[in-house]
Amino acid sequence: MLRVRGAALAVALLPAAVAVVLAVGSATGHVPEGSAPAAARPAVTAAAVLALALAAMVATVVARARPALSPTVPIPEETAPDLYRLVRDLADRLDVPAPSAIALTPDCDSWLEDRTHPAHGPPRRFALVRARAVAAPVLVIGSPFLWWMRVAELRALLAPVVAGTGPAAHPDIAAARRFVRGLDAAVAVAAGRPHLAFVGWVARLLLGSCREHAAEMERGVAAAASERAQTVDYGLRIVAQEQVGLAYAGWDRLLNRVALPAWRMGRWPSRLDAGVVSALTELSRRDRLAEGFASRLGERPACDLLEEPGLIDEAASLLAARLFHGGPAEPGPGWTPVAWNQYPEEVVDRTWRLEAARLHRVLDDIAACGATPGTPGPAVAPGPDVPPGAPTVARVLERLGGPGGGGIGEELELRLSAEVARDAAREEATARRGALGTVSGSWSGGLAPLFPLQPPRSGRELLADHVTAMVCCAAVDTAGAAPGLDWLDGPALLVGGTRRAGLSRTVLTLIEDGDAEPLRAWLGEVGVRMEKPVRLM
């Protein structure tokens, strides 16, 4: 990278060098007046001035462009003295500089991040190398690791990461990384700005020239750090890597199946990291391959290294909601925290009732448009004083029963897809407006990156989810059932205090085959009154 930088500087200075040679030659008589070199001197001088001006512009933008930083939760030393002590002891054992600070990311990853750009504030600690000061990077730790891993496992996991502070303190490596980050930031600054188009072109050209060199350098740095860390807790590193895979699986399921339904309705679970422990403990209980993992829970968890783990968990949970869903940076109206003991009532029950209401609203729209089912199945007569359009399970069975769902299944799928798409568009617009603030000034332009956790549901999946929600509402209202939370699967229906199985299979039979009998039998076993209207949102 430094050779690429030197070559770019040489190209920028070449016209100036030629102009100086011509000027000196004319002054000393070596370039006679009237000769071709003398005649070209004004044009070469003008080209040199232009090249220097453009080079100065590019250099200024690269120097002033603020490199992007990962959104994190900062951990001041006074809030986690034991964690800082562990990291420093680890750095001493590895004979490398200690990280300048520690931060958490709401993801299953850990890395070192250089935050020495002037706009990011002064670094907290420096390492003296070759008589010059090189700022130590910040250690970023995945927050799920702190809650799931034991202290010894975390130390083994962080060993190769902390070992990377050694290469990071090398002046040439640090300079090469600063050059690449500056180019990357310049590309972002120039994007969409016509007057900086040339700067963007040069930055992209230089980045392309550096790509292979940068990748090779980082591979070498990682290999050297891993080799240095071999002397620290080698046996535990294997166990820690197993825990990384398990933590990632549990974290992914928790976000997709538990957190996402809450985020969609303006609530954010405030203890996601504590939740991942429950999810992984449940996974360990269910999966025979995970036997023995639960015994680890008797050892000291790494989150004990924090003075206030609950507050840190809440901050990381809010950042996760913003990163993966685009929620606002702070709680407020329409964006409030929810505790795990409130989740079934505040999220599960409300989600079911919202989807049940949407299903009956679409059924009303179809009825108002005069849609006629093709071959309706056996009708389920509504009970006395109950109107035909009342929100009952009987109405859903009547409309979907029969071959092909009574001819209305496809219409329901299309209309539900359109309704959900409109709601999603409104949700995304609200999320983008809420993301205009910044977290520690870490997002360029103030816009949070949005990472959709799940692909859009198909029309068939939407219809199945809405019918299931309707049945769950009826079970809660008429059969004494209750909403619940399954740590791995999300919303669950509890009958008699235990999760009731078999509902999804009977709903799919109704939708795909138009056969309502399995679902009707399931409802009878649970004691659901199909003719009684349910409460909607």
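The values are calculated or read from the model by the stated rules, or taken from the named source; none is laboratory data. Note that the structure is predicted; figures quoted are calculated from it, not measured. Cβ atoms come from the backbone with ideal geometry, glycine included; neighbour counts cover every protein chain shown. In case anyone asks, the SASA skips ligands and DNA or RNA and just uses the protein heavy atoms, side chains included. Shrake-Rupley method; radii C 1.70, N 1.55, O 1.52, S 1.80 Å.
Among rounded, prolate and oblate, which fits the range 205-271 when a ≥ b ≥ c are the square roots of the eigenvalues of its C-alpha gyration tensor, a/c under 1.5 means rounded, and a/b larger than b/c means prolate? Oblate is the answer for the range 205-271, as a/c is 1.5 or above yet b/c matches or exceeds a/b.
Taken along the Cα-to-beta-carbon direction at a fixed 7 Å, the label points for D109 and A501 span 3.7 nm. May I ask you to list the residues of the range 165-207 whose amide nitrogen lies under 15 Å from a point 7 Å from Cα along the Cα→beta-carbon direction of A215? Residues passing the 15 Å test: 207.
Counting only protein heavy atoms and a probe of 1.4 Å, the accessible surface of the range 61-112 is 47% carbon and sulfur.
Taken along the Cα-to-beta-carbon direction at a fixed 7 Å, the label points for R286 and Y234 span 3.8 nm. Mind listing the long-range amide H neighbours of D114? Cut-off is under 5 Å, sequence gap 5 or more, other chains count too, H placed in the peptide plane at 1.01 Å from N. Placed amide hydrogens put V138 under 5 Å from D114. Add +1 for every Lys or Arg and -1 for every Asp or Glu among the other residues with Cβ under 12 Å from the Cβ of L207, and state the total. Local net charge: +2.
Per-residue Karplus couplings for the range 208-220, computed as 6.51 cos²θ - 1.76 cosθ + 1.60 with θ equal to phi - 60°, are listed in order as x, 6, 8, 4, 5, 5, 5, 4, 5, 5, 5, 5, x Hz, Gly and Pro entered as x. Between the alpha-carbon centres of the range 481-537 and the range 1-79 there is a gap of 72 Å.
Taking Cα atoms only, the orientation of helix 350-368 departs from the longest principal axis of the chain by about 70 degrees.
Annotation: amide H-H contacts under 5 Å for V31 (H modelled 1.01 Å from N, sequence separation of 5 or more, or interchain): S26.
Quick one: net charge around D423, please, counting Lys, Arg +1 and Asp, Glu -1 for every other residue with C-beta under 9 Å from its C-beta. That works out to +2. Only Lys, Arg, Asp and Glu carry charge here, each on its Cβ (+1 for the first two, -1 for the last two); on that basis the chain has a dipole of about 1660 debye about its Cα centre. The overall shape of the range 144-289, judged from the alpha-carbon gyration tensor, is oblate: a/c is not under 1.5, and a/b is no greater than b/c.
Which of the three applies to the range 262-357, rounded, prolate or oblate, going by the alpha-carbon gyration tensor with a ≥ b ≥ c and a/c under 1.5 meaning rounded? Since a/c reaches 1.5 but b/c is at least a/b, the shape of the range 262-357 is classed as oblate. Here the range 196-228 is scanned for amide nitrogen atoms under 15 Å from the site 7 Å beyond the Cα of A53 along Cα-to-Cβ, giving 196, 198-199.
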